[in-house]
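Each value in this text was obtained by applying a stated rule to the coordinates, not by laboratory testing. For clarity, every value in this text was computed on a predicted model and none was experimentally measured. Reconstructed Cβ throughout: ideal geometry from the backbone, glycine too, with neighbour counts over all protein chains shown.
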Amino acid sequence: MAKVLVFIDNPGPALKKASLELLTIARSLGEPAVAFNGELHDDVAAAVGEYGAQALYVPSTADLDDYLVGPKASYLAAAVQASGATVVLTENSAEGREIAGRLGIKLGAGVITDVVAVDPDGTAHKSVLAGSYMTTAKATTPVSVLTVKANSITPEPAATGTAPQPVTVELPETATASSARVTARNEKAASGRPDLSEARIVVAGGRGVDGNFGPLEELADVLGAAIGASRAATDAGWIGHDAQVGQTGKTVSPQLYISAGISGAIQQKAGMQTAKVIVAVNKDAESPIFEIADFGVVGDLFKVLPQATEELKKRRG
């Protein structure tokens with residue numbers, strides 16, 4: 001049976017949904033193990049076992065987050081050697097993809113990014129060419145590294161849980177010697193909304209919001225959704241760049257994506273085209289977003305969204 005290593009990076013007091021998805025996929029491929037970085041809370045350790053991990057690896061140093069991604073890739077390479085893994089799964093975040101690339105170089109492993117599904121034989125399904133096509137790919141190297149988009153599957157616990165004890169993985173002395181160190185961090189104020197990368201519902205605005213995200217935020221709060229934005233909106237300073245969805249922003253794959261005032265240029269499509277259901281609101285009936293939308297509303301978002309918000313409130317009593 002193949003051994004599959006899931007990299008879980010700094011999750012806090014509870015595992016993120018994206019990590020539970022990776023563990024669920026890992027069980028379909030073989031025997032799961034976890035390479036963990038961060039404070040190992042009791043609830044996190046319990047969840048790792050509940051989702052079937054047979055082994056749990058932790059780094060010999062607790063300061064990996066004080067550096068950029070280089071030392072994390074070195075740790076993950078050492079964990080692959082310790083576990084004998086032939087498949088490595090990571091999140092499809094910007095950092096996850098960079099770690100995957102560095103790991104591929106260290107191990108001579110095939111790397112497949114933007115994965116949305118994995119067959120039991122390791123064949124990956126992914127979006128390419130800015131989300132225009134879906135393809136299948138399979139690495140022919142002894143080790144393969146896959147970065148998987150959040151919301152690709154429904155996480156499910158294992159039929160029988162485990163209780164793996166942490167095993168320390170020694171990092172080579174050179175792992176941090178020449179790595180860039182993080183000197184300061186500014187914590188982002190909590191919005192109370194879900195993380196954009198793994199939200200099940202995203203409400204996104206573009207140039208058409210004209211600087212006013214109020215109607216989008218009200219709808220998002222009713223739906224329990226995250227707020228996203230096009231590059232035009234973030235470049236204009238209407239919202240932070242961490243909300244940008246697109247080829248040069250974040251890639252999302254929610255169950256529902258509501259696009260308001262976004263034309264749907266190829267750069268935007270690349271970041272959200274794998275959403276299960278896309279609803280577009282735009283005054284321009286010829287807008288490219290309607291080509292990929294499941295439902296389209298030709299209208300003024302400042303009239304359409306408040307009506308939708310009020311109707312949802314009524315239906316929820």
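Values for this structure:
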| read-out | value |
| --- | --- |
| Helix-derived mean residue ellipticity, 222 nm - over the chain, DSSP H n ≥ 4, -39500 (n - 2.57), to 500 | -8500 deg cm²/dmol |
| The chain: most fluctuating residue of 188, 269, 149 per GNM, C-alpha cutoff 10 Å | 188 |
| Angstrom value of the Kirkwood radius, inverse mean 1/r, which spans all Cα pairs in the range 1-133 | 15.0 |
| Principal-axis tilt of helix 94-107 within the chain, Cα atoms, nearest 10 degrees | 30 |
| 0 to 90° range, to nearest 10: angle between helix 70-83 axis and the chain longest Cα axis | 50 |
| Residue-wise HN-Hα coupling along the range 269-280, computed from phi with Karplus coefficients 6.51, -1.76, 1.60 (Hz; x: Gly, Pro) | 4, 4, x, 9, 5, 8, 4, 5, 10, 10, 10, 10 |
| Option label - P(r) over Cα pairs in 20 Å bins from 0, in percent computed here, alternatives (1) 32, 61, 7, 0; (2) 30, 58, 12, 0; (3) 32, 54, 15, 0 | (3) |
| Long pairs among 250/313; 72/250; 72/188; 126/188; 17/314, criterion Cα-Cα beyond 25 Å | 250/313; 126/188; 17/314 |
| Highest-first arrangement of 89-98, 26-35, where packing means the average Cβ count within 10 Å | 26-35, 89-98 |
| Segment residue 60-residue 186, length gained on full extension (0.36 nm per residue, minus Cα span) | 42.7 nm |
| Potential lengthening between residue 154 and residue 129 on full extension [0.36 nm per residue; Cα-Cα distance subtracted] | 6.4 nm |
| Electrostatic dipole magnitude of the range 3-175 [Cβ: Lys, Arg +1; Asp, Glu -1; Cα centre; debye, to 20] | 600 |
